[in-house]
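The values are calculated or read from the model by the stated rules, or taken from the named source; none is laboratory data. Keep in mind that what you see is a predicted model, and the values were worked out from it rather than measured. Cβ placement follows ideal geometry from the backbone for every residue including glycine, while neighbour counts extend to all protein chains displayed. The protein model used for the area step is the full one, side chains on, heavy atoms only, and it has no ligands, DNA or RNA in it. Shrake-Rupley method; radii C 1.70, N 1.55, O 1.52, S 1.80 Å.
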Amino acid sequence: PHAALALLGSSVAAVVVWKWLRKRQIQKKMEEARRTRDEGMKKMAKAVQQFREQVPSVQRDAILSLPLLELTAGLQEGALSPKTVLYTYLEKALEVTQQTNCLRHFIPECEEQLQEIQRRKEKGLLYGIPVSIKDHISHKGNLSTCGLVQCLGTPVQEDSVLVKVLKRQGAIPFAMTNVPQSLFSYDCSNPIFGQTLNPFNHQKSPGGSSGGEGALIAGGGSILGIGSDIGGSIRLPSSFCGLCGLKPTAQRLSVWYTHLLNVDVCSHLTPVSCALGPMARDVDSLALCMKALLCQEMFQLDPTVPPIPFNEEVYSSSAPLRIGYYDTDGYFPLPPCMRRAVRETRAALQAAGHQLVPFSPPRIHYVMTELFLKTFFADGGRAWLNVFTGNIVDPSLKSQVNCWKIPRLVKKLLALILKPLQFLLLLKLKNVTIISICRSVKEMWNHHHEIEAYRTEFITRWRELQLDVVLCPVLGPAFTTGYPGKLLTAISSTMLYNVLNFPAGVVPVSTVTEADEEELKLYQGCCGDAWDRTLKQAVAGAVGLPVAVQCVALPWREELCLRFMKEVETLSCKK
């Protein structure tokens, strides 16, 4: 017995020591990643300083104030040099990231790309334009971390197709931006590189998962960025940061060689796919980016992308539109300012000669719980939990991770106990966890069929009303940091169009007013329960922050979606 106890004790001690060493190894890896990032920032700051000393006469503010179309024209005509524009944006990006922590790192190879485009005889559509890209979009020689320890230390070996096409069109990828851990969050924080802040209010989140892009562009440190969207990850940062952002139909732009981790499963084997898309300060910038990307180079590099060039005629059309609209989806009531934005935009569109038709999206509760979340957590969340090496979990994700770690039997019991008490916050979270599992291949195929059936139902209703596009709300204004992790299913307004695989874009149309803030005090939400009170707390103190609307079109109609977004943008500027 004494020997057995000694053996047991030594075994326990060995496990404790092993865990401590493992944790220490992970901490060192994270510290090394931060040190490498900081050294890269210092090198870039030094390069910027040297450029400023060599060319002290650069009109920095004038360059930064130019819209993308004007900047492109200046570069094409030779009035501006690519080097001047690049270093101007590098300098501004350094300032913005010091305030918001939006950059994961600068891309050192941007100087090589600068030299390369200057040697070419032909200038692409994005000649000399500095472009920022989201962390997980692969750039040769750089990490794609997804905010995860397991991705540190192994640089990618090849540019993603999208990066190759950007370079071919003369763009200069110059920075990779921060993301939330695992990408599955609409906050922007990870244990390696920390929390990114909203440039308009440092108490607020920039949104996610393309939050680093949102903060950098809104802060003026980038003029064009590429994000990704599988539940709202382009549109939510655009809403929170006052930007224009487009989620295309998932297969319209290539995702080849884009690092998606466990999201790979969702992108290629399930019917809800990840889409890459542009983010910028105006709609014309999005259109130019799409026009540049939808070229023969992309179609040749990725034969799975339909060879459909950008249709300028559709984008430039001025014909009146038949527009469906709604200001609530009936699942998660949004703050008063977001519904106000839809009503005001609807009135402006009607006054401009467009036809507005009430539209109600069907069965959003079913879509959210049975279609969307079940796609990602069909295995009970096991694949997602496996990416958290050494149990290192960002605080913004801990409640979700802990929820998925609860044994299934315990969750069933909790749901039964809590149901009579109507603690809706807990109840909804537990019910989502319980139903979001496929127990067999047959159940998975049935799940795929249910999504296709819902798409057919939705399109049928759309066509019965003879709609061109739909105007609807988007989640906002910007949440206080830490709150997105408490309100996962508040993203129903955006996730619907991922399930449907419709192109959808966000346009800022207003700002939060004092009257909005007063009306928020009376907000009851769905039931006036704990969840509704949490949303109220999340968006409080937002006076002056951007308020946006969402514009939607049928699949493969990105040009029509952009044309509608442009109309909304134009009318909002006339207010």
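A 1.4 Å probe run over the chain, with the rest of the protein chains in place, finds 40 Å² accessible per residue.
Look at the alpha carbon pairs under 8 Å that are at least 6 residues apart: their mean separation over the length of the range 157-293 gives a relative contact order of 24 percent. Of the residues 20, 384, ranked by 1.4 Å probe accessible area with the largest first, the sequence reads 20, 384. Heavy-atom accessible surface of residue 87, to the nearest 10 Å², is about 20 Å², with a 1.4 Å probe and all protein chains retained.
Less than 5 angstrom separates the built amide H of residue 512 from those of 544, 545, 547, all sequence-distant by 5 or more or on a different chain.
Decide, for the chain, between rounded, prolate and oblate: order the square roots of the alpha carbon gyration tensor eigenvalues as a ≥ b ≥ c, take rounded if a/c falls under 1.5, and otherwise choose prolate if a/b is larger than b/c, else oblate.
Values: a/c = 1.60, a/b = 1.11, b/c = 1.45.
Judged from the Cα gyration tensor, the chain comes out oblate (a/c at least 1.5, b/c at or above a/b).
In the chain, the calculated helix contribution to ellipticity at 222 nm averages -14500 deg cm²/dmol per residue, counting -39,500 (n - 2.57) for every DSSP H run with n ≥ 4.
Measuring nothing but how far apart in sequence close Cα pairs (under 8 Å, 6+ apart) lie, relative to its length, the range 21-307 scores a relative contact order of 18 percent. Per-residue Karplus couplings for the range 240-254, computed as 6.51 cos²θ - 1.76 cosθ + 1.60 with θ equal to phi - 60°, are listed in order as 5, 10, x, 10, 9, x, 10, 9, x, 3, 3, 8, 5, 10, 5 Hz, Gly and Pro entered as x. Per atom type, the chain shows carbon and sulfur on 56% of its accessible surface, probed at 1.4 Å.
Rank-order 89-95, 501-507 by packing density, defined as the average count of other C-beta atoms within 10 Å over each peptide's residues, highest first. Write out the running numbers ahead of the final one.
On the way: 89-95: 21.3, 501-507: 28.4.
The peptides rank, most packed first, as 501-507, 89-95.
For the range 333-394 versus the range 189-224, the inter-centroid distance based on Cα atoms is 21 Å. Measuring between their Cα centroids, the range 437-478 and the range 1-67 lie 41 Å from each other. Which one of 306, 64, 98 has its Cα pushed farthest toward the positive end of the charge dipole of the chain, where Lys and Arg give +1 and Asp and Glu give -1 at the Cβ? So the residue furthest toward the plus end is 98. Figure note: 256, 531, 445 ranked by solvent-accessible area, largest first, 1.4 Å probe, ligands and nucleic acids not counted: 445, 256, 531.
The accessible area of residue 456, taken with all protein chains in place and a 1.4 Å probe, comes to roughly 90 Å². Amide H contacts under 5 Å for residue 469: 322, 324, restricted to partners 5 or more places along the chain or on a different chain, H placed in the peptide plane at 1.01 Å from N.
Ordering 353, 491, 440 by Cα displacement along the dipole of the chain toward the positive end leaves 440 in first place; charges were set at the Cβ atoms of Lys, Arg (+1) and Asp, Glu (-1).
Among the lysines of the range 34-148, pairs at least eight places apart or on separate chains and with Cα atoms under 23 Å apart come to 17.
Exposure check, 1.4 Å probe, all protein chains in place: residue 314 carries approximately 50 Å² of accessible surface. Rounded to the nearest 20, the size of the Cβ-charge dipole of the range 21-307 about its Cα centre is 580 debye, with Lys and Arg at +1 and Asp and Glu at -1. Shown are 72, 304, whose ranking by accessible area with a 1.4 Å probe and every protein chain present, most to least, is 304, 72.
For residue 227, the residues whose amide H sits under 5 Å from its own are 277, 279, ignoring neighbours fewer than 5 places away on the same chain, with H placed 1.01 Å from N.
Report relative contact order for the chain in percent, whole number only (criteria: Cα-Cα under 8 Å, sequence separation at least 6). Walk me through the intermediate numbers first.
Working: 1143 pairs, mean separation 90.0, N = 575.
Once divided by the residue count of the chain, the mean separation gives 16 percent.
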